[in-house]
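First comes the structure, then the notes that go with it.
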Amino acid sequence: MDIESHMDTCIAQPLDSSRHRTLRVGAFPDYSHSSRQQHAILGWSEIALAAADYPLALLKHTETGQFNVVALYGFQPGRNLYVAGSHWYATYIPQNSLRYPFFVSATGALGMAIDERSEVFGVPDGDRLFDDAGDPTPYAKQLATALSKLRQDFEDMRAFVNELTQLQLVRPLEVILRMEDGAEARVGGLYSISDRAQSSLPAESVVRLHRAGYLQALSILMASLAQINRLQQLHNAQSDPRIRELDLVLRD
């Protein structure tokens, strides 16, 4: 089974002062909205924070072909092993999971879109996005600012990833799961960094990575794959059959 990255804005409705004038936003009841997320795309500032809890890998977007750095939440599509009941069992939650049900939109007011199906909308005592005159409220402007910062963080990460691909450091990664019942499953669609290719870089490329601040991020990205063992522990605590052992195979 392959892990895939898709556009999630297909469920989003551009924010509109007429359509959403009286809409109110309440607090999130729990993290159930993320229970079916298998991964989250990360921004540049999140690498070190996310690596403390999740294995990080590169994933190619199915529509654009663009590589993104993602935090892996599980081995199976539609399953987030870090969410159980109403709780998220990690010290850090990626911003791309926290910003739901708000999205960046080229056509929406304040550059935003929303998933109207979310439970946070329609509560009687929530915060309004527009006032009676149809102008954005301070709360809506605050959300828009946060989304704009997140978008810039994604762009900064894209610059990092583009450098890795230009230097031909990215290789396919496969996770092999051996179950206690004797079955074997292979998780593909992932990519990581070739240590051998990195070691063979010319000096000028290493200097360029260092000056851009990318060398440390590169090391964190590679080291974070040790967190795959945490995914195994979470799977075994929640699901059958249990994973007896797993292997990471980098196609170098």
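The values are calculated or read from the model by the stated rules, or taken from the named source; none is laboratory data. Every value quoted in this text rests on a predicted model; they were computed, and no experiment measured them. Glycine gets a Cβ as well: all are built from the backbone with ideal geometry, and neighbour counts include every protein chain shown. Keep in mind that these areas ignore ligands, DNA and RNA; they rest on the heavy atoms of the full protein, side chains included. Shrake-Rupley method; radii C 1.70, N 1.55, O 1.52, S 1.80 Å.
Figures for the structure shown
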read-out: Fraction of accessible area attributable to carbon and sulfur, the chain (%, probe 1.4 Å); value: 48 percent
read-out: Where region 59-136 is the region considered: accessible area per residue in Å², 1.4 Å probe; value: 45 Å²
read-out: SER32 versus SER118: modelled label distance in nm, points set 7 Å from Cα along the beta carbon direction; value: 1.6 nm
read-out: Rounded if a/c under 1.5, otherwise prolate or oblate - region 58-189, Cα gyration tensor axes; value: oblate
read-out: Two-site FRET efficiency, ALA133 against ALA212, from Cβ-Cβ distance with R₀ of 41 Å, rounded to 0.05; value: 0.30
read-out: Mean accessible surface per residue for region 165-252, computed with a 1.4 Å probe while every protein chain stays in place, in Å²; value: 55 Å²
read-out: Global geometry of the chain, whether rounded, prolate or oblate, following the gyration tensor of its Cα atoms and the 1.5 cut on a/c; value: oblate
read-out: Within a Gaussian network of the chain (alpha carbon springs, distance under 10 Å), most fluctuating of VAL187, VAL207, VAL83; value: VAL207
read-out: Contour excess over end-to-end distance, with Cα ends at GLU174 and ILE220 and 0.36 nm allotted per residue; value: 14.7 nm
read-out: Virtual paramagnetic centre 7 Å along Cα→Cβ of GLN166, amide N under 17 Å, in region 47-75; value: 66-68
read-out: Cα-based Rg and Dmax for region 121-219, where Dmax is the largest Cα-Cα distance (Å); value: 22.5, 65
read-out: Region 196-225 versus region 17-33: alpha-carbon centroid distance in Å; value: 42 Å
read-out: The chain: most fluctuating residue of ILE47, ILE11, ILE220 per GNM, C-alpha cutoff 10 Å; value: ILE11
read-out: Ordering of 63-74, 234-245 by packing [mean C-beta count within 10 Å, highest first]; value: 63-74, 234-245
read-out: Calculated FRET efficiency for the pair SER45/ASP181, C-beta based, R₀ 45 Å, to 0.05; value: 0.60
read-out: Inter-site label distance for ALA84 and GLU63 at 7 Å from Cα along Cβ, in nm; value: 3.5 nm
read-out: Among ALA109, ALA140, ALA212, residue whose mean-square fluctuation peaks in a GNM of the chain (springs only between Cα atoms under 10 Å); value: ALA212
read-out: Spin-label model distance (nm) - ALA106 vs THR145, 7 Å beyond Cα toward Cβ; value: 2.7 nm
read-out: Computed helical MRE - 222 nm, the chain, DSSP H runs ≥ 4 contributing -39500 (n - 2.57), nearest 500; value: -8500 deg cm²/dmol
